[in-house]
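All remarks here apply to the structure that follows.
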Amino acid sequence: MIEVYIRAVRQRFSELEQREKYAVLGLSVFLALFFFVAVICKPIYEYREDQRKRFEKNLELYTYLKSTETEARNISKTSGPQRNSGQALLTKVSRTAQNSGIKPSRMQPEGDDGVSIWFDSVSFDKLILCLERLQEREGVAIILVSIERRDQPGMVSSRITVRS
């Protein structure tokens, strides 16, 4: 079936003058290069750039978290002047998670001043934003963070323990 079309194209091409053949060949090469760049190279380049930007953003966050690690550990070891009840901490965690655009799948008080929080299939970026807000704005100490990748890109499940 295709052979019939190929023969017809070859026959028409052979009937062209030499200058017209060069023009058709030049146009064919141009279209092939354009197709290659537009359909193959450009999406690969854009994907690579997006991944590079995500990597740099996450690297900045990792560097920041590493630089504040000792401070966070010291804060969690010392008892602050203000101790909140477990119920107030549950409210803070719930409100901050909601403001960050995620919802805990489960929350459980841990003693008088601690809460364990479970998140199932949430955005990694939103989870880190929530943790940052808890620490910086609410003064909550993050004691334990366990994060597992999900099948969907950018999605994670985690268990977090915090203290007021």
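The values are calculated or read from the model by the stated rules, or taken from the named source; none is laboratory data. What you see is a predicted model; the values in this text were computed from it and never measured. With ideal geometry, Cβ positions are generated from the backbone for all residues, glycine too; neighbour counts draw on all protein chains shown. Accessible surface is based on the protein model in full, side chains and every heavy atom, while ligands, DNA and RNA are left aside. Shrake-Rupley method; radii C 1.70, N 1.55, O 1.52, S 1.80 Å.
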Residue hits (segment 71-85; in a helix (DSSP H, G or I) and either at pLDDT 85 or above or surrounded by 10 or more Cβ atoms within 10 Å (Cβ to Cβ) (or both)) are 71, 72, 73, 74, 75, 76
Looking only at segment 106-164, which residues are among the small types (Gly, Ala, Ser) and either open to solvent by less than 40 Å² (accessible area, probe 1.4 Å) or in contact (Cβ under 8 Å) with a residue 60 or more places away in the chain (or both)?
114, 116, 123, 141, 154, 157, 158, 164
Do we find that residue 31 is free of Cβ contacts under 8 Å to residues at least 40 places away in the same chain and closer than 30 Å to residue 132 by Cβ in this structure?
no
Give me the residue from segment 22-67 that is among the polar types (S, T, N, Q) and within 28 Å of residue 126 (Cβ to Cβ) and, out of that set, least open to solvent (accessible area, probe 1.4 Å).
58
In segment 96-105, the residues that are open to solvent by less than 50 Å² (accessible area, probe 1.4 Å) and either assigned to a strand (DSSP E or B) or among the polar types (S, T, N, Q) (or both):
96, 100
May I ask you to list pairs of residues, at least six apart or on different chains, whose Cβ atoms are under 7 Å apart, with the first in segment 1-18 being in a helix (DSSP H, G or I) and the second being open to solvent by less than 100 Å² (accessible area, probe 1.4 Å)?
13/21; 13/24
Using beta carbons and a limit of 9 Å, which pairs, at least six apart or on different chains, have the first residue in segment 49-75 and farther than 22 Å from residue 141 by Cβ and the second one among the aliphatic types (A, V, I, L, M)?
58/128
Can you find even one residue in segment 39-50 that is of a type in the set (Phe, Trp, Tyr), under 29 Å from the mean Cα position of the chain (by Cα) and modelled with pLDDT of 90 or more?
yes
